[in-house]
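Colleague: Pasting a structure below so you can have a look.
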């Protein structure tokens, strides 16, 4: 850990930062100037992925999520474009509107997708790639989390009609030594990149209460007490 990085921030960064770094560096092999889409950018790991993509040289970062208000705050930490969506059926045109917005961005060029949600949003992104991306232009789609569901409908035509490269990132898809190294890289980047992460430091004696009440909006770090 570098001097100046406090223990609470380091503890909060370790797991979500390692996940984001491994997805961007080891799996997507992000190149300077790439355009990156983070699906699920309002979560703790998604916010770090936005910041790290910029730190690693992404030319443009596009952030997608359900919460439009939360997405506005993601712009403040590096997102160039935000695309909110409503895919739960409450908006009859939600899927078509999201797909149209995605197609516009893919027509301009997206190199990497890092997906923390899976579910309907990932399915819509894959379909948009098939419809909008130029012949044989690869899009590296990295699946990291499944907050919106574990299964999707994957049309075979979406694979035949695009050069999409589907991959996952996590334990076993990334060697353990590389995952551990990724945590160290995030620690080293924390101050140069001015990484922002919401934290709550609580005494270990409060673990049961905090566990039951966790909102997922801040990384809870337990300290002796």
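Colleague: Largest first and in whole Å, what are the equivalent-ellipsoid semi-axes of the range 58-100 based on the Cα gyration tensor, each being the root of 5 times an eigenvalue?
Modeller: 22, 12, 5
Colleague: In addition: Provide the convex hull volume over Cα atoms per residue for the range 65-153, in Å³.
Modeller: 103
Colleague: Counting only DSSP beta bridges with both residues in the chain, what percent are antiparallel, rounded to the nearest 5?
Modeller: Roughly 0 percent of the beta bridges in the chain run antiparallel, per DSSP.
Colleague: GNM on the chain, C-alpha springs below 10 Å: top fluctuator among 144, 171, 112?
Modeller: Evaluated over the chain, the most mobile residue of the options is 171.
Colleague: Report, to one decimal in Å, the Kirkwood hydrodynamic radius for the range 13-124 based on all distinct Cα pairs.
Modeller: It works out to 13.9 Å.
Colleague: May I have the convex hull volume per residue, in Å³, for the Cα set of the chain?
Modeller: About 131 Å³ per residue, rounded to a whole number.
Colleague: From zero up to wherever the largest Cα-Cα distance of the range 118-176 sits, split into 5 Å bins and tell me the percent of pairs in each.
Modeller: 4, 18, 27, 23, 16, 9, 3, 0
None of the figures in this text is laboratory data; all of them are computed from the coordinates on show. What you are looking at is a predicted structure, and each value in this text was computed from that prediction instead of being measured.
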